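The values are calculated or read from the model by the stated rules, or taken from the named source; none is laboratory data. If you're wondering where the values come from, they're calculated on a predicted model, not measured in any experiment. For neighbour counting, all protein chains shown are included, and Cβ atoms are generated from backbone atoms with ideal geometry for every residue, glycine included. Note: accessible area is taken over every heavy atom of the protein model, side chains too, but ligands, DNA and RNA are not part of it. Shrake-Rupley method; radii C 1.70, N 1.55, O 1.52, S 1.80 Å.
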Amino acid sequence: MTRLAVVEKDKCNQERCGGLLCAKVCPINKAGSDCVFEGDDKKARIEEELCIGCNICVMKCPVDAISIINLPEQLEDAPVHRYGEQQHLFALYNLPVPIFGKVVGIIGRNGIGKSTAMGILAGTLQPNFATPDGADVDELIKRFKGTEAQAFFEKLRDEKIKIAFKPQMVDSIPKAFKGTVQELLEKTNQKDDAYYKSILEMLELEHLLDRKIDVISGGELQRVAIAATALKDANVYFFDEPTSYLDIKQRLKVAQFIKSLATEETAVMVIEHDLIILDYLTDLMHLVYGKENVYGIISHPKASKNGINTYLSGFMKDENIRFRDHQITFSEKPPFESLNDELLVTWPEIKVKKGSFSLEAKPGDIYKHDIIGILGENGIGKTTFMNEIAKMQLETKAGEGKIAFKPQALDATDTNVGEFLQEAMQYEQQLMKPLDLEPLLERNLNELSGGQLQRVFIARTLAQDADLYLLDEPSAYLDIEQRLILSKVIRDMMEAKGKAALIIDHDLLFIDYISQKLVIFDGLPGREGNVNGPMSMEDGMNTFLKDIQITFRRDDENHRPRANKLDSQMDREQKSTGKLYYTG
């Protein structure tokens, strides 16, 4: 198969185009054949064998629902898996391979086949080779003959593989299990008591054992799910986005724990959008490229450093494929101190007492064009601080300051997206296009995925007329590319409006990429929080990393931050000089 023709059903809308416009403009249809036609679901269908790749239907479709893809010549085989009743939707080519003794990572955009690939390897999804009959393990062995995948599927066939799988959506666990944390872990535990106790200690779960699953936080639920997976008697472990909801300190601990699972008898595979953690955690890397919701191609494995650098460069030299039109680089040295040309707003002294938790913040100044990142552990008052600022009356030179606030928890009602984004539509180039919101306008908020909902709420917030923009965990549910695009969107909006933003996030690479200053929280999680700053990036990062005892170096190719191994030579050197983040 050399060409894919995919119609995204969620986007296809005959009312918007006056009734199957794609069929009306297709030259093959005009010649008398049915290349484009209406399927049983009232959505457009395209017969790939008849399609000539003229792209007229692609250009005419008002909702961008159609993709005609001429595939690379090296893709001679049919897809490993293709969705749709007649296998005419998303197609996945190739598979990643778990390797014993290694942690193998998968990196790529949302909707490009990462979870599909992991599901096939984990046995939760049967591949079909784009045929109605499906494919069994023997066919997979034949397909991947002469590769590492052949050996894996042979072991799977011979029942030498035992699989444990942590799914992406841990917030669905309370719907499937009613009971305490201890009851869930004991139900899944297939290891001895000593190992069980060691996992509880490493993942800091002892104090949660008597809590009900449906009342613990997202971060606590994530750590419980990781523990439940590791407690299974398996030799291949799959972790789909294991750091969601976790703060940077917890992410590094979880990364160390997952890495410890890989032995000569055990293989580990991980999907993760936090590049710092993915780099820290993995030995090898598969890149997934293609077009979201249309097709995905999985690359050959690469060493982790090379894999991430290749992903950021947008070009795979060994396969001679460019999958992005620009390279992503970072600052080697801290940004210059901003000129603080005009004071925008000042927050006053803040003192909050909520039960046994107390929060204190000294007054802080925010200047025009400031983008201030907020870092700190979970449970230390970051969201409480932002909520306090959101309800304040802040003073500007022009009078009372206006505030726009995107909270951490997003309310997915049955409101139409187009109505919800009415104000944002005036920013077509600044918001609608880069955040890819046009295809969502006909849908309701409660029909969107987590990442789609996040982008919609961010656009609505940034479109408001305000002096200060508050964004609580805007990178949640977004893939790597979307996070970097979002960074540019926020920077451009603050520059154009002459306003400022405060941003809470746990993705250190995202904060590094977007921030000019930092606010650092310290204290005791659940007990007390203290607010320090705003301060420079260098001072802020050194303050934050000193508290969690971690150092970072810069990659020599693109200057991205990379975590040093604890007590390595570089770690010791940087701690001795006090330069924990920028070494230049």
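Observations on the model:
- Its convex hull of Cα atoms gives the stretch 81-208 a direction-averaged projected area, equal to a quarter of the hull surface, of 10.4 nm².
- Ranked by the mean number of other Cβ atoms within 10 Å of their residues, highest first, the peptides 128-137, 41-50 fall in the order 41-50, 128-137.
- For the pair LYS162 and THR131 in one chain, pulling the backbone fully straight at 0.36 nm per residue adds 8.4 nm over the alpha carbon distance.
- Per residue, the average separation of C-alpha pairs within less than 8 Å and at least 6 apart gives the stretch 73-211 a relative contact order of 17 percent.
- For a paramagnetic label modelled on GLN464 (point 7 Å from Cα along Cα→Cβ), amide N atoms under 13 Å away belong, within the stretch 495-517, to 502.
- Lysine pairs within the stretch 251-375, Cα separation less than 17 Å, 8 or more sequence positions apart or different chains: 5
- Rounded if a/c under 1.5, otherwise prolate or oblate - the stretch 247-386, Cα gyration tensor axes: oblate
- Highest-first arrangement of 307-315, 193-201, where packing means the average Cβ count within 10 Å: 307-315, 193-201
- Relative contact order of the stretch 339-496: 24 percent, from C-alpha pairs under 8 Å at least 6 residues apart in sequence.
- Cys residues of the chain that find no other Cys beta carbon under 4.7 Å: CYS12, CYS17, CYS26, CYS35, CYS51, CYS54, CYS61.
- Förster radius 30 Å - calculated FRET efficiency between ASP547 and LYS259 (Cβ-Cβ, nearest 0.05): 0.85
- Hull volume per residue, based on the alpha-carbon atoms of the stretch 240-290 and their convex hull, is 85 Å³.
- For the chain: relative contact order, % (alpha-carbon pairs under 8 angstrom, 6 or more apart): 13 percent
- Structure-derived Rg and Dmax of the Cα atoms in Å - corresponding label in [x] 25.0, 77; [y] 26.1, 78; [z] 23.8, 72: [x]
- The mean accessible area for residues of the stretch 344-503, using a 1.4 Å probe and ignoring ligands and nucleic acids, is 42 Å² per residue.
- Length gained when the stretch LYS212-ALA31 is fully extended (0.36 nm per residue, less Cα-Cα span): 58.7 nm
- Taking all protein chains together and a 1.4 Å probe, the residues HIS326, HIS207 rank HIS207, HIS326 from largest to smallest accessible area.
- Sum of -39500 (n - 2.57) over DSSP H runs of 4+, divided by residues of the chain (222 nm, nearest 500): -8500 deg cm²/dmol
- Spin-label pair GLN182/ILE321, simplified geometry with 7 Å Cα→Cβ offset, distance in nm: 5.1 nm
- Here the label points at ARG527 and ILE56, each 7 Å from Cα along the C-beta direction, are separated by 7.3 nm in the simple model.
- Rounded to the nearest 0.05, the FRET efficiency derived from the C-beta distance between ALA496 and ASP436 at R0 = 25 Å is 0.80.
- As a calculated quantity, the FRET efficiency between ASP365 and ILE485 at R0 = 22 Å, using C-beta atoms, amounts to about 0.15.
- Peptide ranges 113-125, 166-178, 351-363 listed from the most packed, as the mean C-beta count within 10 angstrom indicates: 113-125, 166-178, 351-363
- Counting only Cβ charges, +1 for Lys and Arg and -1 for Asp and Glu, the dipole size of the chain around its Cα centre is about 360 debye.
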